[in-house]
Structure formats: structure tokens, C-alpha cells
Amino acid sequence: MSQTTERLKTLPSLRDSIIRHGLEARKALGQHFLLDPGICSHIASLGGTLEGRHIIEIGPGPGGLTRALLLTKAETISAVEIDPRAWPLLEELCDAFPERLSLFRQDALTLDATTLCPAPRQIIANLPYNVATPLLVGWLRQAAQWERLILMFQKEVAERICAEPGSSAYGRLAVLSQWCADCSVAMTLPPGAFSPPPKVSSAVACLVPHKNQPSPALFKAMEQVTAAAFGQRRKMLRASLKSIGGETLLDRVAIDPTRRAETLTIEEFDRLARDHLASRS
Ligand code: SAM
């Protein structure tokens, strides 16, 4: 038996810890806990061999996934939790693994996660669904900082991240995600896998950032282009992109102005964003 397994055995079980600390799930914090160690260890394994890697877990809650991460070869785990009710329980876990596990009692939305640990870093998390999209977009803005992102979303959001041009799920999230990373859905889970069960199914998206990443200015230009294009997705591009150059912009990058946003490839959006940035500077 590994040292980690032995140490975990000296702690109360996950279910006992939840009861002892009165950690009833709160909807406002997007709390749907994973209590099945098999599912947690499968999610942790999606990071590949974690030897020498520094893991950031957003929203450890009662710590089911955290325990699974401790059982990997990850060098360190930085757990960011906003709910003070979970802190004493997580502090017990930190006390058992002082050299590998640290708790950050913070709001992940206002935190620069790169400050928590050195590279190579991965973010592995069962995300609070109410703030999952803004968290992801924030991490994409600094995509070069992550080796991999393994993130549980509502299934519909994971599908939007990986959607192909021409599909109804293809939109701003697909373009930003696939522009910065190789994206895939690694597993889906029914509501019953969580306690309490959410209303919808969930899925883990795996994002592996590309080697070359856009500059912050180019990322901003892409955000503007995709917001305009998909803000009025039923309109032709010459109308939806009017505020940022419309037909003149489309002419310069050789894109038919009568097309609609959902038909453009990532490469075509890349051309639009680069031209939009160049025309502003
Ligand atoms: N990782 C645990 C699991 O899988 O059982 C809990 C996942 S639960 C879906 C989301 C967790 O994120 C909760 O523990 C919640 O308190 C926490 N959370 C919600 N909003 C947060 C925020 N803005 N910053 C950090 N943690 C947050």
C-alpha cells in the first residue's frame, strides 16, 4: 500500500467528513459533489502522468477529487475553495499532506491561478457550473500557462466548447477554446453520479493548449470579433460585423459577406481577428 493510501486511511471517509462538518450542498455555490472514488480517479487520470506537475483544483468542496489527485504522482495540489464551511474539512486533508496540498481560501474568479504554483501546471476540476464559462475564458486568456485543462462542465457547455462549424452549438466558446487548444470531451456523467444530482448531465472537457498562443491584444480582438459575429448569429456577417468594419473588413480577409458566423472555420476567425487588430493599431 502506498504511503498516500495509508495516510488517507487514517482520515475519516469522505461521507463521514461531510456529515461531521455539516457540509450540505448549496445551490448558490454550484455544489454537486462527486463521492465515487472510481469516478474521481478516472478524472484525475485524464491529466496523464502527473509526475512533476503542479495541479490547481478549483472548488475542492468535500475533497473527493482532491483525494484522487493526492493518489497520483502530482508534485503539488493547490486547492481553491470559496466556501468557508468546507475549509476545516480541507484543512484536515492539508494537515495530512502538508508537503503536497495547499488550500487557498479564495474566489477563483478574482484570482490569478498562475501565482499559486510554478509550471508545468494543469487545472483539474469539477467546476461550479454557475461560474464555469467565465473561469474558462479567463484561463484561455493565459493559455500558454497551462499544460492541460481537465474540466467538468454541464454536458451542453462541454459540447459547445468542442462544437464544429455549422452546428448549432458552434459559437464564441468553441472559437475561443479551439483557437487556443485542442479540445475533446473525455467522459460524460449522468446526474445520478453527483450528490445532490444536478438537473442535467455533465461532461469532462480536456483542453491541451497549442504551442503558440495569441498575444493579449490579439485575444481581445478575437473576443470582439466573436462577440459581434455571434451576438447576431442569424444575420449575415456584413450586418453582424458592421460595428467593427463590416464589408470592408470581410473584403480584406476574403470572406463572403453574405455568410453567417456559424459557418466560419477557426482559421477564418483567426484572419478576421488579426485584421481587426491590425486595422485598429
Ligand atoms: N470538487 C468537489 C467535488 O467534485 O465533489 C466539489 C465540486 S462542486 C461542483 C463546485 C465547488 O466549487 C464547490 O465546492 C463550491 O463551493 C466551489 N466554488 C463555487 N464558486 C467558487 C468560486 N468562485 N471560487 C472557488 N470555489 C468556488
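The values are calculated or read from the model by the stated rules, or taken from the named source; none is laboratory data. For clarity, every value in this text was computed on a predicted model and none was experimentally measured. In this analysis, Cβ positions are derived from the backbone assuming ideal geometry, glycine residues included, and neighbour counts consider all displayed protein chains.
Based on what the data block shows, is residue 115 within 23 Å of residue 261 (Cβ to Cβ) and either modelled with pLDDT of 95 or more or not basic (Lys, Arg) (or both)? So residue 115 does not fit the description; no.
Does residue 103 count as in a strand (DSSP E or B), more than 9 Å from the ligand (Cβ to nearest atom) and in contact (Cβ under 8 Å) with a residue 24 or more places away in the chain? Before you say what the answer is, go through the steps one by one.
Details: in a strand (DSSP E or B): yes; more than 9 Å from the ligand (Cβ to nearest atom): yes; in contact (Cβ under 8 Å) with a residue 24 or more places away in the chain: yes.
Yes: the conditions hold for residue 103.
Among the residues here, residue 90 does not qualify as touching a Ser or Thr at 6+ places or on another chain (Cβ under 9 Å), in a loop (DSSP other than H, G, I, E, B) and either small (Gly, Ala, Ser) or within 15 Å of the ligand (Cβ to nearest atom) (or both). If the condition is being farther than 25 Å from residue 75 by Cβ, of a type in the set (Ser, Thr, Tyr) and modelled with pLDDT of 95 or more, then the stretch 1-42 contributes no residue at all. Residue under question is residue 144, and the condition is that it be within 23 Å of residue 225 (Cβ to Cβ), away from the ligand (no atom under 15 Å from the Cβ) and without any contact (Cβ under 8 Å) to a residue 12 or more places away in the chain; does it hold? For residue 144, the condition - within 23 Å of residue 225 (Cβ to Cβ), away from the ligand (no atom under 15 Å from the Cβ) and without any contact (Cβ under 8 Å) to a residue 12 or more places away in the chain - is not met.
Scan the stretch 203-229 residue by residue and report those that are free of Cβ contacts under 8 Å to residues at least 60 places away in the same chain and in a loop (DSSP other than H, G, I, E, B). Across the stretch 203-229, the qualifying residues are 211, 212, 214, 215. Cβ-Cβ distances below 9 Å connect the following pairs, each with a first residue in the stretch 21-40 that is farther than 10 Å from residue 68 by Cβ, a second residue that is of a type in the set (D, E, K, R) and outside any helix (DSSP H, G or I), and a separation of six or more residues or different chains: 23/83; 26/83; 29/83; 31/24; 31/83.
Looking only at residues in the stretch 89-145 that are touching a Cys at 6+ places or on another chain (Cβ under 8 Å) and of a type in the set (A, V, I, L, M), the one that is farthest from residue 220 (Cα to Cα) is 101.
Return yes when residue 178 is surrounded by fewer than 21 Cβ atoms within 10 Å (Cβ to Cβ), touching a helix residue (DSSP H, G or I) at 6+ places or on another chain (Cβ under 7 Å) and more than 25 Å from residue 196 (Cα to Cα) and no when it is not. The answer is no for residue 178. In the stretch 5-14, is there at least one residue being more than 22 Å from residue 130 (Cβ to Cβ), within 9 Å of the ligand (Cβ to nearest atom), in a helix (DSSP H, G or I) and more than 20 Å from the chain's Cα centre (by Cα)? Yes, the conditions are met somewhere in the stretch 5-14.
Taking every residue in the stretch 173-195 that is more than 28 Å from residue 63 (Cα to Cα) and pairing it with any residue that is assigned to a helix (DSSP H, G or I) and polar (S, T, N, Q), at least 6 positions away or on another chain, the pairs with Cβ-Cβ distances below 6 Å are 175/226. Every condition in (1) in a loop (DSSP other than H, G, I, E, B); (2) within 12 Å of residue 273 (Cα to Cα); (3) of a type in the set (A, V, I, L, M) holds for residue 249 except the one numbered (1). A count restricted to the stretch 15-58 and to residues that are exposed (fewer than 15 other Cβ atoms within 10 Å of the Cβ), within 11 Å of the ligand (Cβ to nearest atom) and small (Gly, Ala, Ser) stands at 1. Which residues, counting only those in the stretch 63-87, are within 7 Å of the ligand (Cβ to nearest atom) and part of a strand (DSSP E or B)? Within the stretch 63-87, 80 is the sole residue that qualifies. Output yes when any residue across the stretch 158-170 is within 16 Å of the ligand (Cβ to nearest atom), polar (S, T, N, Q), touching a residue at least 40 places away in the same chain (Cβ under 8 Å) and surrounded by fewer than 16 Cβ atoms within 10 Å (Cβ to Cβ), and no when none is. Scanning the stretch 158-170, I find no residue that is within 16 Å of the ligand (Cβ to nearest atom), polar (S, T, N, Q), touching a residue at least 40 places away in the same chain (Cβ under 8 Å) and surrounded by fewer than 16 Cβ atoms within 10 Å (Cβ to Cβ), so the answer is no.
If you scan the stretch 40-55, which residues turn out to be touching a helix residue (DSSP H, G or I) at 6+ places or on another chain (Cβ under 6 Å) and either of a type in the set (Lys, Arg) or over 16 Å from residue 204 (Cα atoms) (or both)? The answer is 55, and nothing else.
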